[in-house]
Amino acid sequence: MTRNTVWSVLDESMSMAIKFKLEVDGVVHDAKISYEALRDHFGADDAAGSEEAAFYANADRIRDVAAAKVVRGERDPITMRSRDF
């Protein structure tokens, strides 16, 4: 399985998630990670922009979890919550 870096990152405060795209085996997938997961596991806090900063600082691990969900058959958007970490 080949995995490229994530791109097209969008902080969606209305949905309380960071949305991004990732490629798994040549297929592009839409994915998102909840603010809750970023706060519980990656050090984000209530400061403006902390969720996006936490995402970028931990993008490799987040990408790996998203890719594993794709391999297990989850459909887009690949959604990651706190329990996934």
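The values are calculated or read from the model by the stated rules, or taken from the named source; none is laboratory data. Keep in mind that this is a model prediction, so the values were computed, not measured. Note: ideal-geometry Cβ built from the backbone for every residue, glycine included; neighbour counts use all protein chains shown.
List of remarks:
- Just one of the listed residues (ILE78, ILE18) is in contact (Cβ under 8 Å) with a residue 24 or more places away in the chain and touching a Phe, Trp or Tyr at 6+ places or on another chain (Cβ under 6 Å), namely ILE18.
- For the range 73-82, the criterion of being within 14 Å of ALA17 (Cα to Cα), at pLDDT 95 or above and exposed (fewer than 14 other Cβ atoms within 10 Å of the Cβ) is satisfied by at least one residue.
- Top-ranked residue of the range 6-32 - restricted to ones that are charged (D, E, K, R) and at pLDDT below 90, ranked as surrounded by the fewest Cβ atoms within 10 Å (Cβ to Cβ): ASP25
- Residue in the range 37-51 that is within 11 Å of the chain's Cα centre (by Cα), within 17 Å of SER13 (Cα to Cα) and of a type outside the set (Asp, Glu) present: yes
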